[in-house]
Amino acid sequence: MAQIVVQNAVKRFGKFTAIDDVSLTINDQEFMVLLGPSGCGKTTLLRAIAGLGMLDTGKVVIGSKDVTYLNPKDRNISMVFQNYAIFPHMTVFDNIAFGLKMRKSPKSVIYERVNEAAKLLHIENLLDRYPGQMSGGQRQRVAVARAIAYDTQVLLMDEPLSNLDALLRLEMRAELKALLTKLNVTTIYVTHDQIEALSMGDRIAVMRQGKILQCDTPTRVYDLPADHFVGSFIGNPPMNFLMGRVERDSNRIQVRIGEFQLNPPDEMQDILRVYDGKDIFVGIRAENMEPLAQPTPDSLQVRVDVVEPLGAHNLLTIHIGSDVLKVSTHPDFPAKMGGDLWIRFPIQKIRWMDADSGKALTPNLEKVMA
């Protein structure tokens, strides 16, 4: 078992709190992604789990062992760093074998594990080279091979693909996911790239200002963001947000956007009733809005400001009042800059959020925040 449990972790640098009472459980053989903007505390949390930066308060448990005060070498983990951290004066073979040699493993075991790791990363023909003779992508493969050759049950990865170009990053992302599935290790992966997070993780922990805002599967984090920040950070383009006014019409609650009215579903009626007369955020993804070339009774007329052809789809920029929105359409949809179209809002795809706190308003809020 290589379950990792972080309990009430706090880490401060002077008056700045980098990790603010974080608790997180990573299940055995799970791929957990720590996602967030620069300065949110994700790398600090990873380093605390690795033992490279001690917590001020809190606890880290790996398996059944409390490792809070243990040195990194005693935690039975391996780590891949953002800047490769391979030795320029050593060959690829010696770089991959470094951890095993420090462990004083037998030569036969070192040879076997180095060659096995090199084959998995497709660098078996580079074992005699030096890092200076290799590309950035090859160096990163060496760093990953070194980590998996060490044969631990926990693998920590700190933005390992961020130094690669876009095409190589796409290739390595798929290879790395397939590789880690075969290895059956518990993995924590730090990134600020939401595409990496969505495509690779079993679960994503979205962080901001030292706190975890939401921890859930990629699909739920994308479709059911726990708050305004998560919705605006996840997705390309991010979730659209409009300001709507909650109003009572007879015994039903409606949400008015300008002269247009939305009719929330039955399960949202009681939740929104307490906001009668107040503003809330109305969130919807670009691909969930339905563009129409002709008006319908439940559609809203808008003016197209910008059309961006992106191959598989077009991305339209529109205005609704003072709000700027993005709408995804089929590339054949008849839209042109300065022209009109009509937008329909599928009611089940709308996400309602408190305008003050930004928190999601949903009957299953506790599940969204899990």
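The values are calculated or read from the model by the stated rules, or taken from the named source; none is laboratory data. All values reported here derive from a predicted model rather than from experimental measurement. Cβ: placed from backbone, ideal geometry, glycine included. Neighbour counts: every protein chain shown. Accessible surface areas use protein heavy atoms only, side chains included; no ligands, DNA or RNA. Shrake-Rupley method; radii C 1.70, N 1.55, O 1.52, S 1.80 Å.
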Residues whose placed amide H lies under 5 Å from that of Met79, excluding near-sequence neighbours: Leu156
Glu159 accessible area, assembled protein chains, probe 1.4 Å, Å²: 20
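Antiparallel DSSP bridges in the chain: what percent, to the nearest 5?
Expressed as a percentage, antiparallel bridges in the chain total about 75.
Run the accessible area of the chain with a 1.4 Å probe and give the carbon-and-sulfur part as a rounded percent.
51
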Potential extension, Leu292-Asp323 segment - 0.36 nm per residue separation minus Cα distance: 9.2 nm
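Dipole size in debye (nearest 20) for the stretch 122-275 around its Cα centre, Lys and Arg Cβ +1, Asp and Glu Cβ -1?
Here the size comes out at about 200 debye.
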With DNA, RNA and ligands ignored, accessible area of Val327 (1.4 Å probe; Å², nearest 10): 0
Under the span-like rule (Cα at least 18 Å along the axis, Kyte-Doolittle mean at least 1.0), DSSP H helices of the chain: none
Over the chain, relative contact order from alpha-carbon pairs under 8 Å, at least 6 apart, %: 15
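Between Asp266 and Glu112, 0.36 nm times their residue separation minus their Cα-Cα distance comes to what? Walk me through the intermediate numbers first.
Details: separation 154, 0.36 × 154 = 55.44 nm, distance 6.21 nm.
Here the segment from Asp266 to Glu112 would lengthen by 49.2 nm.
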Spatially proximal lysines relative to Lys119 (Cα-Cα < 29 Å; intrachain offsets below 8 disregarded): Lys73, Lys101, Lys104, Lys107, Lys177, Lys182
Around Lys278: net Lys/Arg minus Asp/Glu count, Cβ-Cβ under 12 Å: -1
Whole-Hz couplings from phi, Karplus 6.51/-1.76/1.60, listed for the stretch 21-27; x for Gly and Pro: 6, 8, 10, 7, 10, 10, 6
The stretch 73-186: relative contact order as a whole-number percent, Cα under 8 Å and 6+ apart: 40
Candidates Lys326, Lys359, Lys15: whichever shows maximal mean-square fluctuation once the chain is modelled as a Gaussian network with Cα springs under 10 Å: Lys15
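Would you mind calculating the gained length between Leu52 and Arg303 on full extension (0.36 nm times residue separation, minus the Cα-Cα distance), in nm to one decimal?
Fully extending the segment from Leu52 to Arg303 adds 85.0 nm.
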All aspartates and glutamates inside 12 Å of Lys59 as judged from Cα atoms, apart from same-chain residues fewer than 8 positions distant: Asp21
Gyration tensor (Cα) of the stretch 22-178, equivalent ellipsoid semi-axes in angstrom: 27, 20, 14
Rg to Rh quotient for the stretch 113-170, alpha carbon positions, Kirkwood Rh: 0.96
Sequence-distant residues sharing a close amide H with Met90 (under 5 Å, placed H): none
Computed E for Lys119/Val61 - FRET, C-beta separation, R0 45 angstrom, nearest 0.05: 0.85
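Within the stretch 247-370, count lysine pairs with alpha carbon atoms under 21 angstrom apart where the residues are 8 or more positions apart or belong to different chains.
Details: Lys278/Lys359; Lys326/Lys336; Lys326/Lys349; Lys349/Lys359; Lys349/Lys367; Lys359/Lys367.
Lysine pairs meeting both conditions in the stretch 247-370 amount to 6.
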Cross-link reach list, aspartates and glutamates versus Lys15, counting only Cα pairs under 17 Å and skipping chain neighbours closer than eight places: Asp56
Distance between the stretch 71-117 and the stretch 203-270 - C-alpha centres, whole angstrom: 46
Inter-label distance, nm, simple model (7 Å from Cα along the C-beta direction), Leu170/Lys73: 4.4
Whole-Å semi-axes of the stretch 228-333's equivalent ellipsoid (Cα gyration tensor): 27, 16, 12
Exposure of Met79 as accessible area (Å², to 10), given a probe of 1.4 Å and all protein chains: 30
Hypothetical label at Ser357: residues of the stretch 258-292 whose amide nitrogen lies under 19 Å (7 Å Cα-Cβ projection): 268-283
Residue-averaged 222 nm ellipticity for the chain, from DSSP H runs of 4+ at -39500 (n - 2.57), nearest 500: -7500 deg cm²/dmol
